[in-house]
1. Which percent of the Cα-Cα distances in the chain go past 19 Å?
2. For LEU86 and GLU134 in one chain, what is 0.36 nm times their gap in residues minus the Cα-Cα distance, to one decimal in nm?
3. Mind grabbing the accessible area of THR103 for me, 1.4 Å probe, Å², rounded to tens?
4. Quick check: at a probe of 1.4 Å, how many percent of the accessible area of the chain sits on carbon and sulfur atoms?
5. For ARG114, what accessible surface area do you get with a 1.4 Å probe? Give it in Å², rounded to 10.
6. Per residue, how much accessible area does the chain show when a 1.4 Å probe rolls over the protein heavy atoms, in square angstrom?
7. Can you give me the relative contact order of the chain as a percent, contacts being Cα pairs under 8 Å and 6 or more apart?
8. May I ask you to derive the FRET efficiency for TRP104 and LEU162 from their Cβ-Cβ distance with R0 = 30 Å, giving the value to the nearest 0.05?
Amino acid sequence: MSSLPIDALSVIARQCIAASCLQRFCRRHGIGHPALSAFTDHAWNVAQLGPGDFASWQQGFACLPITGMGDPWPDDACQAVPGHLLDTLVQLVQHVLETSASTWYGDDLPASRRQLEAVLRICGQHGVAVPELEQYGQHDASLRAGWGPALTDAELIAWKALV
């Protein structure tokens, strides 16, 4: 169990942890589909958003085949998921999105925490190891209303290696 509380993590760290958990879930259960990869890749892009990039990143989710916003998934993506896991995976994707989306139009950091807790709970229920939160700690996590600093290239590579 991690000793770093979720509340000590930036929103960027929370989103990256959630994306890592989604990737681990898919790997653990042998699920692969380009639409899921596109969603996860887009979620990871939060790590290096520059000033003025947020709106296009946020709107970019709506252009994906799997949005995380409750829209129907493409048939071939549904068929790539074992039937008994489909509803769980749909919920997981929505929680991954909401880990940051809950703060897009305000500073609802408690909602962000609850969404990440839901991601971690789903992983735990399905035998998916969750990452150690300490690995995502940033000394200046409170910057930018809790979003924290953008990651350097080296930090992003290191965080992605934790998947």
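1. Numbers: 6707 of 13203 pairs.
In whole percent, the share of Cα-Cα pairs in the chain beyond 19 Å is 51.
2. Difference between extended and current length: 14.2 nm.
3. Its accessible surface works out to 10 Å², give or take rounding.
4. Carbon plus sulfur share of accessible area: 54 percent.
5. Its accessible surface works out to 120 Å², give or take rounding.
6. 48
7. Result for the chain is 39 percent.
8. Numbers: r = 25 Å, r/R0 = 0.83.
Efficiency, from the Cβ-Cβ distance: 0.75.
The values are calculated or read from the model by the stated rules, or taken from the named source; none is laboratory data. Given the structure is predicted, the values throughout are model-derived calculations rather than measurements. Here Cβ is always computed from backbone atoms with ideal geometry, including for glycine, and neighbour counts include all displayed protein chains. Calculation scope for accessible area: heavy atoms of the full protein, side chains included, ligands and nucleic acids excluded. Shrake-Rupley method; radii C 1.70, N 1.55, O 1.52, S 1.80 Å.
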